[in-house]
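What follows is one structure encoded as structure tokens, with my remarks underneath.
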Amino acid sequence: MRGLFVTGTDTGVGKTILSGALLAAMAGEGERVRAYKPVLTGLDEPAEIGAHGRWPRDHELLAAAAGMDPELVAPSRYGPAVSPHLAASLAGERIDPARLLAGARTAAEQGHTLIVEGVGGLLVPLADAYTVRDLAAALGLGVLIAARPALGTINHTLLSIEAARAAGLDVRAVVLTPWPPEPSELQRSNRETIARMGAVEVQTLAPVPGPDLPDLARAGADLPWRRWLSA
């Protein structure tokens with residue numbers, strides 16, 4: 001399976017925009033891409049990124065970037081803005097890990113490059129005793145960690161790196177987003193400190209003004225996604 005698994009230090013840290021930027025950049029370079037978000041919650045609430053402008057729901061943005069039906073991107077969707085295992089329980093359902101894996105493998109069929117966007121952080125439970133980290137480990141894709149550049153990101157990011165590596169995940173890079181055109185001393189220090197203490201590559205994603213595919217592709221084109229895919 002060829003692709004990348006995008007996780008984050010928390011919810012609302014830019015995973016979807018990073019995933020969309022990667023998909024749009026890859027598609028613009030002729031890659032045959034597919035997107036997969038195993039579980040989506042919060043459809044009854046205003047979209048998190050929608051609060052910042054004209055952004056669509058997560059699965060709609062990823063679908064547009066990958067040229068897919070939104071319902072195929074996120075086959076398991078729930079209304080409440082709660083953790084996946086609770087959202088499923090409230091709906092009288094149980095999330096089946098085997099079904100999540102099968103969905104990812106189906107999305108990657110026929111040689112497509114797959115971008116999987118996780119839910120929240122690595123230790124978010126998808127089902128009883130089954131976390132996002134377990135799914136990432138089962139898929140075996142290289143991992144990108146989306147993180148804020150602001151105060152507090154060092155601790156959150158280093159903890160995420162440790163959690164990933166403890167499960168044998170291959171962390172390809174941390175991506176700080178949105179990275180301002182003129183970063184502050186704090187932001188520059190955060191980037192250097194995460195790279196040094198985490199022994200990890202740290203890249204940045206510039207602010208993306210909106211969900212238009214050319215804007216996403218331009219932002220994603222600055223990331224070394226070819227190297228990440230071939231590592």
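The values are calculated or read from the model by the stated rules, or taken from the named source; none is laboratory data. This structure is a prediction, so every number in the text was calculated from the model and none was measured. Because the Cβ atoms are built from the backbone with ideal geometry, glycine has one as well, and the counts that use them run over all protein chains shown.
Quick rundown of the values:
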{"quantity": "Residue under evaluation K37, criteria (1) farther than 24 Å from A137 by Cβ; (2) in contact with an Asp or Glu (Cβ under 6 Å, 6 or more places away or on another chain); (3) not aliphatic (A, V, I, L, M), criterion not met", "calculated": "(1)"}
{"quantity": "Test: residue in segment 99-109 that is in contact with a Lys or Arg (Cβ under 8 Å, 6 or more places away or on another chain), at pLDDT below 95 and either over 21 Å from L216 (Cβ atoms) or buried (at least 17 other Cβ atoms within 10 Å of the Cβ) (or both)", "calculated": "yes"}
{"quantity": "Qualifying positions in segment 213-225 - of a type outside the set (A, V, I, L, M, F, W, C) and in contact with a helix residue (DSSP H, G or I) (Cβ under 9 Å, 6 or more places away or on another chain)", "calculated": "P214, D215, R218, G220, D222"}
{"quantity": "Residue among V73, V82 that is of a type in the set (V, I, T) and crowded, with 17+ Cβ neighbours inside 10 Å", "calculated": "V73"}
{"quantity": "Restricting segment 170-191 to residues that are among the acidic types (D, E) and farther than 21 Å from R227 by Cβ, the residue that is nearest to the chain's Cα centre (by Cα)", "calculated": "E182"}
{"quantity": "Among the candidates L126, L90, residue that is touching a helix residue (DSSP H, G or I) at 6+ places or on another chain (Cβ under 8 Å) and either closer than 27 Å to G30 by Cα or touching a residue at least 12 places away in the same chain (Cβ under 8 Å) (or both)", "calculated": "L126"}
{"quantity": "Criterion violated by A137 - all others in (1) touching a Leu at 6+ places or on another chain (Cβ under 7 Å); (2) at positive phi; (3) not acidic (D, E) satisfied", "calculated": "(2)"}
{"quantity": "Matching residues, segment 198-218, being touching a Ser or Thr at 6+ places or on another chain (Cβ under 9 Å) and in a helix (DSSP H, G or I)", "calculated": "G198"}
{"quantity": "Failed item, numbered, when G210 is tested on (1) touching a helix residue (DSSP H, G or I) at 6+ places or on another chain (Cβ under 7 Å); (2) at pLDDT below 95", "calculated": "(1)"}
{"quantity": "Filter result for the condition that a residue is under 26 Å from W225 (Cβ atoms) and more than 16 Å from the chain's Cα centre (by Cα), over A146, A167", "calculated": "A167"}
{"quantity": "Residues located in segment 176-213, provided they are surrounded by fewer than 18 Cβ atoms within 10 Å (Cβ to Cβ), within 17 Å of L23 (Cβ to Cβ) and without any contact (Cβ under 8 Å) to a residue 60 or more places away in the chain", "calculated": "A206, D212"}
{"quantity": "Residues being assigned to a helix (DSSP H, G or I) and either in contact (Cβ under 8 Å) with a residue 24 or more places away in the chain or within 17 Å of the chain's Cα centre (by Cα) (or both) - total across segment 150-164", "calculated": "10"}
